[in-house]
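Since the structure comes first, as structure tokens, the remarks are kept for the end.
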Amino acid sequence: MRKGSKLLSLTVVAILLLSLVSAAWAAPPNDLPDRAKGFKEKNTWQEKEKNYNKSVKVEAREVQSEQEQNRHREQEKFSVRENVYEKRSVQKHVYTGIENALQHVKNPVARAALEAILKGESVPEAVYKAKESLKNWKNNRVEVTLVVEALKEALEEDESIDDLTLSECYKRLGELLIDVGEMLKARDFLEEALLNNPEDEDSYIVISKVFAKMKDTKVKVYVKGTMPGFDVTPRVEKGRVLVPLRALAEALGATVEYKDNAIVIKQGDNTVTLVIGNKKALVDGRPVMLEVPAKVVGGRTLVPLRFIGEGLKAKVNYYPEGKVVSILGK
């Protein structure tokens, strides 16, 4: 009897254990869909968040780019306004000078030259027109001077004019002043012409005539279009022009060195050697005889201009009418 009860108990325990195991095995399959669903939802949320962040960054970049473009547009507008304002200011300044001159100029040809600028013609065209049309206009110094000064002012304000054209314009205006006897002003205009084009031989010819008309008998030396600051006046001896060495060398871009009793002038590959009071000199080691040797005057060494210039391979021209010498570097 006890044996049967024990067997029954074991059977019941076995059934209970079997049911628990079956439940345990059955539970995971029923839970898997919920877990997969949870993982899927989590991945979808992360993907949405990632896309949102990416969208925010793209939008931020677009906003920044648009802001930069707006800044650039504002800067361009400001620059354009500034240029327009500057252009208007320059034009107003030029036009004011022209209009003031027109109030006092009666000559119809002169008025036409000035009015050409107001009508939109270039300043050089107006200058050429004035010079060619007013060749024989010598009866009114005041009117000529007014026209020339007005055209000069317009030239100075017009930054689009190149150096060669500017030089030609100054020369033509200088010639107009010569016609009415304004020699000092003519000289100033011609020197402006030389500054802008040092190689224009015609300007040297014209300015030499000006000095002749002014009865200026001193020697005038232009090195590359400008007059060096000579502290001792150049002079002529035996047909040779003597000038202070140091100022000449500096104007030509050469160096001066004193060795023993000799003076050595160098520029690039060229060397000139001479001795005070000695007619024998050297050019690149080659002996040359001078008609007039170097000398000391007022504590400055004076040297023969043409000899030094040509020894350094510069171009030297002399215009005897007004005693003008031009030197152009190589």
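The values are calculated or read from the model by the stated rules, or taken from the named source; none is laboratory data. Model, not experiment: these values are computed from the prediction. With ideal geometry, Cβ positions are generated from the backbone for all residues, glycine too; neighbour counts draw on all protein chains shown. Accessible surface is based on the protein model in full, side chains and every heavy atom, while ligands, DNA and RNA are left aside. Shrake-Rupley method; radii C 1.70, N 1.55, O 1.52, S 1.80 Å.
Looking only at the stretch 174-203, which residues are free of Cβ contacts under 8 Å to residues at least 40 places away in the same chain, open to solvent by less than 50 Å² (accessible area, probe 1.4 Å), within 18 Å of Y319 (Cβ to Cβ) and over 26 Å from the mean Cα position of the chain (by Cα)?
Once the filter is applied, which keeps residues that are free of Cβ contacts under 8 Å to residues at least 40 places away in the same chain, open to solvent by less than 50 Å² (accessible area, probe 1.4 Å), within 18 Å of Y319 (Cβ to Cβ) and over 26 Å from the mean Cα position of the chain (by Cα), the stretch 174-203 yields G174, I178, M183, A186.
Within the stretch 282-292, does at least one residue satisfy the condition of being surrounded by 20 or more Cβ atoms within 10 Å (Cβ to Cβ), out of contact with any helix residue (DSSP H, G or I) (no Cβ under 6 Å at 6 or more places or on another chain) and at pLDDT 90 or above?
no
Scan the stretch 222-245 and report the pairs whose first residue is without any contact (Cβ under 8 Å) to a residue 60 or more places away in the chain and whose second residue is basic (K, R) and not in a loop (DSSP other than H, G, I, E, B), with Cβ atoms within less than 9 Å and a gap of 6+ or a chain change.
M227/K220; F230/R300; E237/K295; P244/R300
May I ask you to list pairs of residues, at least six apart or on different chains, whose Cβ atoms are under 9 Å apart, with the first in the stretch 281-305 being over 22 Å from Y222 (Cα atoms) and in contact (Cβ under 8 Å) with a residue 12 or more places away in the chain and the second being crowded, with 18+ Cβ neighbours inside 10 Å and of a type in the set (F, W, Y)?
Between residues of the stretch 281-305 that are over 22 Å from Y222 (Cα atoms) and in contact (Cβ under 8 Å) with a residue 12 or more places away in the chain and residues that are crowded, with 18+ Cβ neighbours inside 10 Å and of a type in the set (F, W, Y), the close pairs are A281/F307; V283/F307; V288/F307; L290/F307; E291/F307.
Tell me whether the stretch 268-275 contains one or more residues that are open to solvent by 60 Å² or more (accessible area, probe 1.4 Å) and either modelled with pLDDT of 90 or more or in a loop (DSSP other than H, G, I, E, B) (or both). Quick ask: steps written out before the conclusion?
Of the stretch 268-275, the ones open to solvent by 60 Å² or more (accessible area, probe 1.4 Å) are 268-269.
When the remaining residues are screened for being either modelled with pLDDT of 90 or more or in a loop (DSSP other than H, G, I, E, B) (or both), the result is 268-269.
Yes, the stretch 268-275 contains at least one residue that is open to solvent by 60 Å² or more (accessible area, probe 1.4 Å) and either modelled with pLDDT of 90 or more or in a loop (DSSP other than H, G, I, E, B) (or both).
Condition check ((1) touching a Phe, Trp or Tyr at 6+ places or on another chain (Cβ under 8 Å); (2) among the hydroxyl-bearing types (S, T, Y)) across all residues:
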position	(1), (2)
S160	no, yes
Y170	yes, yes
E175	no, no
M183	no, no
S203	no, yes
S208	yes, yes
F211	no, no
K218	no, no
P228	no, no
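Please state which one of E257, E250 is surrounded by fewer than 19 Cβ atoms within 10 Å (Cβ to Cβ) and closer than 30 Å to E156 by Cα.
Details: E257 fails: closer than 30 Å to E156 by Cα.
Of E257, E250, the one residue that is surrounded by fewer than 19 Cβ atoms within 10 Å (Cβ to Cβ) and closer than 30 Å to E156 by Cα is E250.
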